[in-house]
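Trainee: Sending over a structure as structure tokens; questions will come in a sec.
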Amino acid sequence: MTDPEPPNRDTDADDYESKYMAGDGDVLLRDKMHVPWFFHLLFMLPVLIALGLPFVDPLAGFGPWFALPLFFVAWAIFSTLRVVVSEAQVHIQYGLFGPKIPVASITKAEAVDYKWTEYGGYGIRKGFDGTTAYNLIGDKGRGVRIHWRDDKGKVKKVLISSAHPEKVAAAIALARERSSHGASALEVAKAAQGVLPAPSAPGPATAEAAPAAVAVTTSADTERD
């Protein structure tokens, strides 16, 4: 199975994202994951059972058929995990659920390896350390962990699956740079795509150095936490 395409800005926005996940300010990155194809085959098993049940057991009737449309809608929704990084927020949606995290409240964002067993499976899960995971089967144990503070100052942690966690973490770091140093939206957006050097202080940083910028930010924020 080929790797998915790298996350992009607005070129990959589907109708749903254009309407409901437009972002706050310029969009720096869009990351979208789907469940692998073999999982769709597993999904078809209960559908086939529901379709054939009235013919095998006439007493069962056609009741299960009426539930199939809802089943298909739920599957279509929860088979995709979306993350949109814009200048002012990180919007996460698994199905219809997920937070909008203000960039200004983020204290750390890092690409990580994780074990799904730490969260008891896939979906929307709560870890033993208080982290809320939005993870999808087929992510190969890769994701982005975000630390942020809510309006009351409480530290929260979110883990999101991603096929390109370094790019997502770098985009969040660039959004934070934009917020801290006032770089132009166009420069930050292009830097996220590797077109321009990432804005940094006191000196310029190359696009290749973006992951290093994430590491520096992570270290400093760890001391504050």
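Trainee: So, in nm, how far is label D113 from label S18 when the simple model puts each one 7 Å beyond its Cα toward the Cβ?
Mentor: Computed distance between label sites D113 and S18 equals 4.0 nm.
Trainee: Less than 20 Å apart at the alpha-carbon level, and either on another chain or at least 8 residues along: which lysines does that give for K140?
Mentor: Cross-link targets: K32, K115, K126, K167.
Trainee: Something else now. I need the trypsin sites (Lys or Arg not before Pro) found in region 79-188, filtered to DSSP loop residues with at most 14 other beta carbons within 10 Å of theirs. Mind showing how you got there, number by number?
Mentor: On the way: sites: R82, K100, K108, K115, R125, K126, K140, R142, R145, R149, K152, K154, K156, K157, K167, R176, R178; in loops: K115, K140, K152, K154.
Those satisfying the criteria are K115, K140, K152, K154.
Where a number appears in this text, it was derived from the coordinates with a stated rule and is not lab data. All values derive from a computational prediction rather than experimental measurement. Positions of Cβ are backbone-derived with ideal geometry, glycine not excepted, and every protein chain shown enters the neighbour counts.
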